[in-house]
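See below for the structure under consideration.
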Amino acid sequence: MPDFTAFPLVFSALQLRPTGNRTHLPSEIQVRLLSETDAEIWQNRAALPEAIHLQFSGQTGERFKIELTNGDRQITETFVI
């Protein structure tokens, strides 16, 4: 694994909003921020909000995953800072 201590922190944001004519997210939707090894760092359920916001930081080259679950449907994407 590379040594990232020489790289400054990068601040990132995630925003999940309804689309189309909807004004609220589905009540079943859940967002999780996961480490590269799938350890949960943060999670939130919608509970009918207008949006879910997440701000976090990491080092250049650091990997993380975003997992979205809505009922029995789930998608996970991996990102690199």
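The values are calculated or read from the model by the stated rules, or taken from the named source; none is laboratory data. Bear in mind that the values here come from a model prediction, so they are computed numbers and not experimental data. Here Cβ is always computed from backbone atoms with ideal geometry, including for glycine, and neighbour counts include all displayed protein chains. Remember, those area values only see protein heavy atoms, side chains included, never the ligands or the DNA or RNA. Shrake-Rupley method; radii C 1.70, N 1.55, O 1.52, S 1.80 Å.
Answer yes or no as to whether SER27 is open to solvent by less than 80 Å² (accessible area, probe 1.4 Å) and under 15 Å from GLN74 (Cα atoms). It is true that SER27 is open to solvent by less than 80 Å² (accessible area, probe 1.4 Å) and under 15 Å from GLN74 (Cα atoms).
I'd like to verify a number: residues in the range 44-57 that are surrounded by 16 or more Cβ atoms within 10 Å (Cβ to Cβ) and touching a strand residue (DSSP E or B) at 6+ places or on another chain (Cβ under 6 Å), how many? The number of residues fulfilling the criteria is 3. Going by the conditions given, is ARG63 more than 17 Å from LEU9 (Cα to Cα), open to solvent by 30 Å² or more (accessible area, probe 1.4 Å) and basic (Lys, Arg)? For ARG63, the condition - more than 17 Å from LEU9 (Cα to Cα), open to solvent by 30 Å² or more (accessible area, probe 1.4 Å) and basic (Lys, Arg) - is not met. Within the range 63-81, is there a residue that is over 11 Å from GLN30 (Cα atoms) and touching a Gly at 6+ places or on another chain (Cβ under 6 Å)? The answer is yes; a qualifying residue exists. You will find that of ILE75, ILE41, the residue that is surrounded by 13 or more Cβ atoms within 10 Å (Cβ to Cβ) and either touching a strand residue (DSSP E or B) at 6+ places or on another chain (Cβ under 7 Å) or not in a strand (DSSP E or B) (or both) is ILE41 and no other.
Taken over the range 1-22, the residue count meeting the criterion of being modelled with pLDDT of 90 or more and either of a type in the set (Phe, Trp, Tyr) or exposed (fewer than 10 other Cβ atoms within 10 Å of the Cβ) (or both) is 6.
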